[in-house]
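The values are calculated or read from the model by the stated rules, or taken from the named source; none is laboratory data. Being a predicted model, the structure only gives us computed values, none of them experimental. Neighbour counts are summed over all protein chains in view; Cβ atoms, including those assigned to glycine, are modelled from backbone coordinates with ideal geometry. Heads up: the accessible areas ignore ligands, DNA and RNA and are worked out on the full protein's heavy atoms, side chains in. Shrake-Rupley method; radii C 1.70, N 1.55, O 1.52, S 1.80 Å.
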Amino acid sequence: WSLPNAERYALQYADGRQTYITESNRRDIKNGSILRLTTSPDQEAEQLYIGIQSKNVDVKTDSLKKLASLSQDVTFAQEFISRNGLKQIYSIVEEGNDTGEMLAHTLKAFTELMEHDFVSWENLSTVFIKKIVSYVNMNAVDASIQQLSLSILENMVPTSRLLFEVVKKEVTLDRLLTHLQATNAQLQLKAMALLIALLLSTTDAERRDMMDYLRKKNIRQFIHKNIIHSSEPLGDEMAHYLYVLQSVSLNLCEHRMKMSMDPYSQEQRDLLQSLRQTAFESESEVPAGTFSTERRRSLCAKEFRKLGFMNNSNPAEDLRRAPPGLLALDNMVYFSRNTPNAYSRFILENSSREDKHECPFARSSIQLTLILCEILHIGEPCSETAQAFYPMFFGQDHFFEELFCICIQLVNKTWKEMRATQEDFDKVMQVVREQITRTLSLKPTSLELFKTRVNALNYSEILKLRQTERLHQEETLAVPVLELREKLKPELLELIRQQRLLHLCEGTLFRKISSRRRQDKLWYCRLSPNHKVLHYGDVEEGVQSPPIESLTEKIPVADMKMLLVGKECPHTKEKSSGKQNKDVLELAFSIVHDVEEYCLNFIAPTRYEFCLWTDGLNVLLGKEMTSERTQTDLDVLLSMELKLRLLDLENISIPDDPPPIPKPPSNLNFCYDFSHTEQ
């Protein structure tokens with residue numbers, strides 16, 4: 001356009017995030033994108049750099065507000081930082097003269113600028129950090145400033161041990177608990193985020209101390225009552241933090257789980273002896289001089305056999321296997337001390353049964369502890385995206401031990417229902433595992449409710465459920481039925497294709513996951529009703545189904561080249577470590593469009609969404625649907641269609657070969673001669 005001083009101007013998207021157009025992203029411009037002519041990023045950075053130093057309060061506030069908005073753009077952020085702009089932001093915070101709206105804009109701008117990773121968090125001055133900490137620790141501070149301050153500290157903690165130490169020392173757990181009790185949901189969320197960041201950055205010993213302190217402060221009961229059962233629905237981010245808190249708490253058992261019993265440890269031997277003494281008190285009260293050492297040893301071995309130890313002369317050998325290691329012994333001791341009546345009843349009841357039908361308490365406890373560790377993922381690292389926590393975990397102190405107490409009594413109950421013998425031990429434990437996992441999948445809100453439901457799910461119920469599932473899975477394998485299946489497949493696959501495309505038209509909310517686990521950036525993607533264009537764009541939290549016009553970015557389906565999944569995706573390769581989280585890999589997919597360098601990267605919220613989106617995109621690309629969900633849906637539809645078609649053939653056996661067609665009869669002359677019709 002031959003503008004004078006052309007370098008002072010730039011093009012910028014008019015909608016959405018209003019990113020500047022540069023040489024590196026100019027190829028991303030899509031047909032139909034609306035651009036506007038604006039001041040170039042370097043000019044804008046220069047003006048704002050001067051504006052935030054202004055003595056005029058209004059000019060300074062407006063400059064900081066605009067800075068907070070523009071700092072999301074990487075080009076502008078680079079220009080502003082290159083002018084030493086961060087130094088000005090530091091001084092505004094460090095001087096501490098500005099409060100309220102001006103300070104909120106300053107902190108927001110700082111957060112956005114640091115998000116681009118141009119500057120290390122370790123460069124921050126002690127004065128700046130202490131100022132941020134003071135906003136968290138002061139009561140008379142606006143909630144928005146406290147939220148931003150908590151968010152800054154949360155991002156700071158994982159970057160270095162030194163910063164972690166500073167934050168841990170300056171922001172006490174008591175202060176974080178005060179913020180957790182705030183009525184402001186966002187403040188509560190940011191406080192929880194910082195607490196989780198601190199817990200994940202500690203050493204094992206520090207983490208244990210922190211969790212002990214939080215337990216004394218009844219954090220579980222508070223979360224159970226005020227967060228899980230609050231009137232507001234639980235957001236995805238808070239659900240993730242509760243999952244991490246549960247995971248960190250349960251992983252405190254890992255140390256005991258991996259430790260084998262030491263037969264020379266007096267403390268461990270005393271715990272083992274206490275099991276025997278609690279169960280056989282009256283028999284053990286005989287004065288020591290009454291029996292010889294040999295007789296006493298024989299009596300002990302007999303009692304340990306009644307307790308269900310495989311190696312009754314040296315029961316410590318049973319506990320050498322790790323996992324479950326000493327955790328199994330801890331659980332048995334907890335059961336014997338906290339529910340002595342149930343413990344005695346279990347032991348005495350099985351002592352009086354026939355030899356082959358007794359349920360071995362110790363052997364069952366060791367195996368049950370291992371099963372619970374596997375179900376609750378003890379010893380496994382926290383997932384970066386999971387949100388599956390158990391509400392009842394937060395409603396109970398000593399959750400793992402209390403769960404064990406319920407389940408060990410379930411083992412005895414199931415053993416009796418199955419009329420099991422020692423040879424059936426593995427079968428019984430398999431049924432118990434199924435009872436526990438099925439009940440946990442119902443997400444009971446308390447251990448009492450879990451106990452009621454798991455006891456209601458007896459062996460006969462498990463058999464019925466297995467039978468029902470088997471009938472659903474089984475199909476008649478007669479040759480004509482298999483032929484019919486093949487004939488129906490194309491029609492049903494077309495039905496699945498239509499469903500996948502409809503799902504893409506409805507669209508899905510995706511999260512952006514950065515290297516620092518920030519999960520608060522959302523974007524939405526949907527297919528146009530004519531299946532020709534993919535529309536996408538950033539959205540705010542709480543927006544369920546934005547109209548297609550509000551999604552400013554688009555990719556024509558004709559420009560899509562291929563679909564990448566898992567490790568092939570560029571955004572999974574970018575992540576720095578080889579410890580790439582398995583669940584993120586399972587949910588990642590990318591669309592390559594135009595030329596191969598340009599990809600639209602996704603991380604699906606669930607495996608179900610991943611399957612539907614990858615199938616839908618494959619349909620648009622004219623390829624086969626490859627997800628496991630396609631096979632499942634096809635099997636369900638085939639099963640239903642076959643059952644409907646075979647209803648009339650119930651209880652009729654279908655032969656493998658069709659019956660032979662008989663030869664035509666010799667008098668096959670039924671043709672009517674019209675030439676002799678009556679006139």
- Message: When you check residue 45 against the structure, is it crowded, with 16+ Cβ neighbours inside 10 Å and out of contact with any His (no Cβ under 7 Å at 6 or more places or on another chain), yes or no?
- Response: yes
- Query: Does residue 371 satisfy the criteria of being aliphatic (A, V, I, L, M), more than 24 Å from the chain's Cα centre (by Cα), over 30 Å from residue 511 (Cβ atoms) and open to solvent by less than 40 Å² (accessible area, probe 1.4 Å)?
  - Reply: no
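Could we say that residue 156 is closer than 23 Å to residue 123 by Cα, open to solvent by less than 50 Å² (accessible area, probe 1.4 Å) and not basic (Lys, Arg) here? Can you show your working first?
Values: closer than 23 Å to residue 123 by Cα: yes; open to solvent by less than 50 Å² (accessible area, probe 1.4 Å): yes; not basic (Lys, Arg): yes.
So residue 156 fits the description; yes.
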- Message: Can you tell me which of (1) open to solvent by less than 70 Å² (accessible area, probe 1.4 Å); (2) at pLDDT 80 or above is the one residue 270 doesn't meet?
- Response: (1)
- Which of (1) of a type outside the set (Val, Ile, Thr); (2) more than 30 Å from residue 141 (Cβ to Cβ); (3) in a loop (DSSP other than H, G, I, E, B) does residue 36 not meet, given it meets every other one? (3)
- Got a sec? Which of 416, 451 is assigned by the TED database to the domain that holds residue 338, at pLDDT below 95 and crowded, with 18+ Cβ neighbours inside 10 Å? 451
- Message: Here are the criteria: (1) modelled with pLDDT of 90 or more; (2) outside the structural domain of residue 587 (by the TED database). Tell me which single one residue 618 does not satisfy.
- Response: (2)
- Query: Before we move on, is residue 541 modelled with pLDDT under 85 and either touching a strand residue (DSSP E or B) at 6+ places or on another chain (Cβ under 8 Å) or aliphatic (A, V, I, L, M) (or both)?
  - Reply: yes
- Being open to solvent by less than 30 Å² (accessible area, probe 1.4 Å) and touching a His at 6+ places or on another chain (Cβ under 9 Å) is the filter here, so list the residues in the stretch 390-401 that pass it. 391, 392, 393, 394
- Counting only helices (runs of 4 or more DSSP H) wholly inside the stretch 292-355, the ones holding at least 2 residues that are open to solvent by less than 70 Å² (accessible area, probe 1.4 Å) and touching a Leu at 6+ places or on another chain (Cβ under 6 Å) are 325-338
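Only residues that are under 18 Å from residue 144 (Cα atoms) and in contact (Cβ under 8 Å) with a residue 40 or more places away in the chain: list them for the stretch 70-98, please. Steps first, please.
First, the residues of the stretch 70-98 that are under 18 Å from residue 144 (Cα atoms): 89, 92-93, 96-98.
Passing the criteria: only 92.
Within the stretch 408-439, which residues are of a type in the set (Val, Ile, Thr) and either under 14 Å from residue 360 (Cβ atoms) or assigned to a loop (DSSP other than H, G, I, E, B) (or both)? Reasoning before the result, please.
As a first pass, look at the stretch 408-439 and keep what is of a type in the set (Val, Ile, Thr): 408, 411, 414, 421, 428, 431-432, 436-437, 439.
Correct list: 408, 411, 414, 421, 428, 432.
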- Message: Which numbered condition in (1) open to solvent by less than 30 Å² (accessible area, probe 1.4 Å); (2) under 40 Å from the mean Cα position of the chain (by Cα) is the only one that residue 34 fails?
- Response: (1)
- Message: Anything in the stretch 343-377 that is among the small types (Gly, Ala, Ser) and within 12 Å of residue 332 (Cβ to Cβ)? List them, or say none.
- Response: 362, 364, 365
- Among (1) among the charged types (D, E, K, R); (2) within 19 Å of residue 541 (Cβ to Cβ); (3) open to solvent by 30 Å² or more (accessible area, probe 1.4 Å), which single condition is residue 237 missing? (3)
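Can you give me the ranges of the strands (runs of 3 or more DSSP E) entirely in the stretch 526-641 with at least 2 residues that are open to solvent by less than 50 Å² (accessible area, probe 1.4 Å) and more than 15 Å from residue 501 (Cβ to Cβ)?
On the way: elements: 533-539, 553-556, 560-565, 588-593, 598-603.
Counting at least 2 such residues, we get 533-539, 553-556, 588-593, 598-603.
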- Query: Within the stretch 106-118, can one find any residue that is open to solvent by 50 Å² or more (accessible area, probe 1.4 Å), assigned to a loop (DSSP other than H, G, I, E, B) and hydrophobic (A, V, I, L, M, F, W, C)?
  - Reply: yes
